[in-house]
Amino acid sequence: MNFDSIFDYTLIYATIRAATPILFAALAAAITEQGDITNIGTEGIMLTSAFAAVLVSYTTGSWILALIVSMIAGVLMALIMAVAHIKYKADITAIGIAINMLALAITKFGIKQFLGTTGSFTDPKIVGIPKINIPFLEGNKYLNGIFNNWSLMEIFGIVMVLLLTFLLYRTVWGLRLRSVGRFPMAAETAGINVNRMKYQVMIISGVLGGLAGAHLSIGYSQMFIENMTNGRGFMGVAAMFFGGANPALAWVGSLLFGFVDSIGGRLQAYGWPSQFVLMLPYIITISVLAFSMWRKKRREEKAKSSLTIATVKN
Amino acid sequence: MVKRRTFITTKSPNKYINLLLTTLVSILIGAVIMLALGHNPIEAYIQLFKGAFVGKLNLGTTLQKFAPLLLTSLAFATAARAGVFNVGVEGELYLGAIAAAWIGYTFTSLPGPILILLCMVVAALVGAAWSYIPSSLKAYLGVNEVCVTILMNYVALYITSYLVNGPLSAKTGVPQTPTVAAGAKLAQFMKPSQANMGLFIAIGVAVLVYWILNKSTLGYKFTTVGLNPLHAEYIGIKPEKSIINSMFLSGAIGGIAGAIEVLGTYGYFLDNFSSGMAFDGMLAALIVKNDIKMVPFMAFFLAVLKSGALGMERYTGVPKSVVDTIIAVFIIFATMEALFAFLQKRKAKLVEEQI
Amino acid sequence: MNDYIVEMTNITKSFGDVKAVVDGQFNLKKGEIHSLIGENGAGKSTMMKMLYGIYPNDSGTIKIKGKEVQGLTPNIAIKDGIGMVHQEFMLVNELTVLENIILGFEPTKNITIDFDKAKKEIQKYIDTYNMDIQPGKKINQIPLGEAQRVEIIKTLYRGAEIVILDEPTAVLTPQETVKFFEILNSMKADGKSIVFISHKLKEVMEISDRITVMRDGQYMNTVNKEDTDIDELAKLMVGREVFLNVKKKDVVVGETVLKIDNLWTSGEKELSKIKGISLDVKQGEILGIAGIDGNGQSELIEAITGLRKVEKGKVILDGEDITNKSPLKIRKSGMTHIPEDRNIRGLNRKLSIKDNMIAVKIDKKPYSKGLVLNNKEIDSFTKDLIERFDVRPTNPEILTEALSGGNAQKIVVAREVDADGKLLIASQPTRGVDIGAIESIRKILNEVKANGKGIILVSADLDEILSLSDRIAVMYEGKITGILDAKNGNENNIGLLMMGGKLGHNDSEDIGGNL
């Protein structure tokens, strides 16, 4: 096995490329987690938006329009969750799972109804999100490999990390959100409308999840496949847990998963059975999740008035 | 006199009315979708009904779909009793299925009934063992089990896919294992449908699960832990143990569901055969909020929708994914505790804290 | 016209079927300290939560500064100059003191929070009322007394002229209370109006200008302090003469049943919350543990009962080492436990009375055999307990969440007393229960003692400790500051120990148990 060709400079870009859909999902989960909502429905939001993006891009030829519609689709899905959970007291995990099932069903339905096919759809008429190419760098192999050809969304993902960090820790809104997530009664007695905050984060989560989906179907690739998110939404939730709902740390988590994904792709060239390569990111995600919770538990263990980690459901 | 019943939380009888209303609303929404697509919803529902019940093939197919649905929904409800969302039944089903297939075509010299029993037991153990990973992660580290079990489904799927394309392949060009010994097959009835004796195994398991959850100390412990782990710990029940035990049982049931599919329906393990069977089971359990008495009925109802959808699609052109959408809408409404709250008398809240 | 700044007339409020306030009357003058007193469940907190807009009132009128207000919310109340310090502090542990104070009313510079401006403003209040706080620390790093000052500053920062204090002295030592009253008086001098909710009559007589008494959700009377005394207030509050001081039974004290030797354990905020405690309890005695809430009593009990890890030291129950054993093992060794929080630990509120009664016997014959439950035995067992301990309602199938505090607590007491251990730990056994239940629970504890069991009684209520205990250990900051015979105990010397002080030798037989 030639390690040089697995770990070379192009791995940096490959990692970021693979991490970006997970990053958006992680941010979508992180913002709601700050408001004490564990958004298991991220996967479904992403899938619906991925479909919406392909559909709109294919029919209108505009990636901008596709991006906008995918965000709207994401927000709609998030709002279903929000209304069910906040207004009608649905268990957040149950409604999250339900949203994922709904997403599977309506995209399956949509692909047949609107695109006239089943399974997967690809067409040259799908206009992707543009990549940024700086001709000046093309001359140098390394500079070109690292700094060129970035998708707009990959750059935007990093911008979003900074933006959300600023929002959470520097602004009034962020302070209020953090209080809502940690002690809603305290927020309420400070005159903060807790439910409104929760709706707001769900809407933001829908936008971010929508971007995640759009990036997947018209940025990262240019096609739609049934269940194409393939657990990336859950990986995003895992990255969020890894980062303790902090956007910057969630980004680190996403990069880790992206890294494993890119390494896996390269290992396949060396005769690894494809199934093992494919399961690698999932196994790593589970391991990382377990590790980060183990670390957290070690930190908290001594303080807790209980030896069990299970929590009370109301 | 006091009715003799035990530790099922007393809920208002209105939950059945809620369920009925939810069902009606979902069917109505389905009708609206069909209308919007230019189909006649009444015609579609009639075809759906016919497709599920009329004719030996149709009814048989409904029963054949019912067995694994019943088992997977029981599997989900069992873990849920202890407060665990086991979304990993699909993975347990796959691994149980391939284990049953391997036993079934390897130990061909064993007499039929013993071979079937062995297949079932091994499938149950494999499913249970697989569930030990997420349950121990949850119990001892507090790792979100929904994330872990979902991700593990992919791992399980790839493991079976590797096996069926490699070491366990029948080498026929189709990704499947060799066919199990004739004695290991569960007898089919109502041919040409694939209804089989697995149905009765599933019903037997359902009775057993009902007894365990509602009439045994094990069930009491699951319930206590699921409702209030801190209280459980204080009265001397280890929450960790109950979480793991309930998942163990859940995983075993998932494994049996896989074995039934292999021994009853296919006769071999086929790559990717389930395509979300366990998720349908999970939906059935979620819709009835894991009420173990209601689970069989909901599982049957979903089996009817699933098998009827084929007929509906064939005769009316309404895509069967519309049925999936209806089911998803169904579950969304069903999870909303407060949806039909206006029907319920406002509950007296515990006053002590409010004064 | 009158000079009332707040007027609440003919207020009613129900929660479901339960009437919390039947006939509420309350008015407040500008610049007075007005106490609102009554027993647990008399409706005093509910009244004030309606004034603060947390609950809507069902009927009646609320006037603030002469103007009738409807559809009150905390937001409107704050704008009208009302601030409330809740019994349970509304502070977010993970945020800093400063962030907590400005929450909801943040000064901004462009789009970011202007922390400098906030700091300056807060300093003003710190100086005016002589309240020292540390704005940069997180809430989980400061002591309770300081958290309370943070709460008060929070209300002032929001512009409160009317400050409602819900049982504020519960977290203070008698000596801290003196300092706290100085703050209240300086606020009053500054023109603020203060509502002081309490049931401690001595304090009420010390601080109030006027006093309003409530009983069973009903307004009883409003009196000037000068015109009344403690006896009259007590009678108004309870409606009859009460003798909660159960006559102590003198029981022959037997062998040592529990021995705690140099116990160390961690707490929520500190690594060593309990710092080397040694205690022993003998058969036939009640050892009272006194102390302000939060000085390690909860952690001590959790460590003894296996719910918290012991870091160092030993716990010996009847000769058997139970240190760091599982709660089940410890129960089997003869420990029974009435936990301080019945709604979380003590009861499974979503299960029936029956399921809660049988909880600790679920694996015992004849109630189960192997995996099989014997419902007949369980039913008759439950009925017997319901009758013996006078639990109401008597239907064993009713969910415990539907019961009143007193009846819910009786279930816990019944279960633990019936378990017939060698040692009973009673942690805050009468907190939040009605007078009737208090009397019967105290009687039961005395009976258990008469049967030769050892009892540890933890209570924040000094009267309860004094009236029940045979010996009293006082805890302060995770240590025992003194153990004295109940005969020598009184509010003064125990109060001193509760603050970490020391007694002269003539006050006590055994000073500083662990020193």
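Structure summary
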| read-out | value |
| --- | --- |
| Matching residues in the range A:266-276 - criterion: being more than 9 Å from every other protein chain (Cβ to nearest Cβ) and part of a helix (DSSP H, G or I) | A:R266, A:L267, A:Q268 |
| Some residue of the range B:105-128 being modelled with pLDDT of 90 or more, within 14 Å of chain A (Cβ to nearest Cβ) and open to solvent by less than 70 Å² (accessible area, probe 1.4 Å) | no |
| Yes/no for C:T400 being open to solvent by less than 60 Å² (accessible area, probe 1.4 Å), without any contact (Cβ under 8 Å) to a residue 60 or more places away in the chain, outside the structural domain of C:K259 (by TED's automatic domain parsing) and among the polar types (S, T, N, Q) | yes |
| All strands (runs of 3 or more DSSP E) inside the range C:1-89 with 2 or more residues being closer than 28 Å to C:G436 by Cα | C:4-15, C:18-29, C:33-37 |
| Neighbours by Cβ (under 6 Å, 6+ apart or cross-chain): first from the range C:335-359, among the polar types (S, T, N, Q); second surrounded by fewer than 24 Cβ atoms within 10 Å (Cβ to Cβ) and part of a strand (DSSP E or B) | C:S352/C:L399 |
| Failed item in (1) at the interface with chain C (Cβ under 10 Å from one of its Cβ atoms); (2) open to solvent by 20 Å² or more (accessible area, probe 1.4 Å); (3) within 22 Å of C:Y367 (Cα to Cα), with B:L230 passing the rest | (3) |
| Any hit, the range A:88-109, residues being touching a strand residue (DSSP E or B) at 6+ places or on another chain (Cβ under 8 Å) and either surrounded by fewer than 20 Cβ atoms within 10 Å (Cβ to Cβ) or in a helix (DSSP H, G or I) (or both) | yes |
| Answer from B:I212, B:I201 - the residue that is within 14 Å of another protein chain (Cβ to nearest Cβ), surrounded by 18 or more Cβ atoms within 10 Å (Cβ to Cβ) and within 30 Å of C:N375 (Cα to Cα) | B:I212 |
| Single residue of B:V329, B:V295, B:V318 found to be closer than 27 Å to A:Y88 by Cα, within 14 Å of chain A (Cβ to nearest Cβ) and crowded, with 24+ Cβ neighbours inside 10 Å | B:V329 |
| Every residue from the range C:41-95 that is small (G, A, S) and more than 27 Å from the chain's Cα centre (by Cα) | C:S59, C:G60, C:G66, C:G71, C:G81 |
| Residue, nearest to the chain's Cα centre (by Cα), within the range C:453-508, restricted to residues that are open to solvent by 10 Å² or more (accessible area, probe 1.4 Å) and of a type in the set (D, E) | C:D461 |
| Criterion violated by B:S169 - all others in (1) in a helix (DSSP H, G or I); (2) open to solvent by less than 40 Å² (accessible area, probe 1.4 Å) satisfied | (1) |
| Subset of the range C:350-376 (residues that are of a type in the set (D, E) and either open to solvent by 70 Å² or more (accessible area, probe 1.4 Å) or at positive phi (or both)) | C:D363 |
| Members of the range B:182-202 found to be in contact (Cβ under 8 Å) with a residue 60 or more places away in the chain, within 22 Å of the chain's Cα centre (by Cα) and not in a loop (DSSP other than H, G, I, E, B), listed by number | B:Q188, B:N196, B:G198, B:L199, B:I201, B:A202 |
| The range C:15-30 residues that are more than 8 Å from chain B (Cβ to nearest Cβ), paired with ones that are acidic (D, E) (beta carbon under 7 Å, 6 or more apart) | C:N27/C:E7; C:K29/C:D3; C:K30/C:D3 |
| Identity of the residue in the range A:158-170, of a type outside the set (A, V, I, L, M) and modelled with pLDDT of 95 or more, that ends up nearest to A:Y220 (Cα to Cα) | A:T165 |
| Search result, residues across the range B:312-331 that are part of a helix (DSSP H, G or I) and of a type in the set (G, A, S) | B:S321, B:A328 |
| Tally, over the range C:377-393, of residues that are open to solvent by 20 Å² or more (accessible area, probe 1.4 Å) and assigned to a loop (DSSP other than H, G, I, E, B) | 4 |
| Which numbered condition A:L143 fails, given (1) under 17 Å from A:Y13 (Cβ atoms); (2) in contact (Cβ under 8 Å) with a residue 12 or more places away in the chain | (2) |
| The range C:293-303, subset buried (at least 24 other Cβ atoms within 10 Å of the Cβ) and either part of a loop (DSSP other than H, G, I, E, B) or free of Cβ contacts under 8 Å to residues at least 40 places away in the same chain (or both), residue farthest from the other protein chains (Cβ to nearest Cβ) | C:N295 |
| Filtered residue count, the range A:277-291, keeping only those that are more than 7 Å from every other protein chain (Cβ to nearest Cβ), within 17 Å of B:A156 (Cβ to Cβ) and surrounded by fewer than 22 Cβ atoms within 10 Å (Cβ to Cβ) | 4 |
| Any chance C:G406 is farther than 21 Å from B:L230 by Cβ, surrounded by 18 or more Cβ atoms within 10 Å (Cβ to Cβ), touching a residue at least 40 places away in the same chain (Cβ under 8 Å) and touching an Asp or Glu at 6+ places or on another chain (Cβ under 7 Å) | no |
| Sole residue being surrounded by fewer than 24 Cβ atoms within 10 Å (Cβ to Cβ), at pLDDT 90 or above and more than 14 Å from chain C (Cβ to nearest Cβ), chosen from A:I218, A:I263, A:I203 | A:I203 |
| Conditions (1) of a type outside the set (K, R); (2) open to solvent by less than 10 Å² (accessible area, probe 1.4 Å); (3) closer than 24 Å to B:L218 by Cα; number of the one not met by B:G91 | (3) |
| Condition broken by C:I76, with the remaining ones in (1) open to solvent by 50 Å² or more (accessible area, probe 1.4 Å); (2) within 13 Å of chain B (Cβ to nearest Cβ); (3) among the hydrophobic types (A, V, I, L, M, F, W, C) satisfied | (2) |
| A:L23 vs. criteria within 30 Å of B:V143 (Cα to Cα), at pLDDT 95 or above and away from every other protein chain (no Cβ under 14 Å) | yes |
| Matching residues, the range C:304-349, being closer than 19 Å to C:V257 by Cβ, within 10 Å of chain B (Cβ to nearest Cβ), open to solvent by less than 70 Å² (accessible area, probe 1.4 Å) and outside any strand (DSSP E or B) | C:T305, C:G306, C:P327, C:I330, C:R331 |
| Inter-residue pairs, beta-carbon under 6 Å, first facing chain B (nearest Cβ under 9 Å) and in the range A:106-126, second modelled with pLDDT of 90 or more and not in a helix (DSSP H, G or I), 6+ apart | A:K108/A:E226; A:I111/A:F121 |
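The values are calculated or read from the model by the stated rules, or taken from the named source; none is laboratory data. Keep in mind it's a predicted model, so treat the numbers as computed, not measured. Note: ideal-geometry Cβ built from the backbone for every residue, glycine included; neighbour counts use all protein chains shown. We work out accessible area using only protein heavy atoms, side chains counted, and drop any ligands, DNA or RNA first. Shrake-Rupley method; radii C 1.70, N 1.55, O 1.52, S 1.80 Å.
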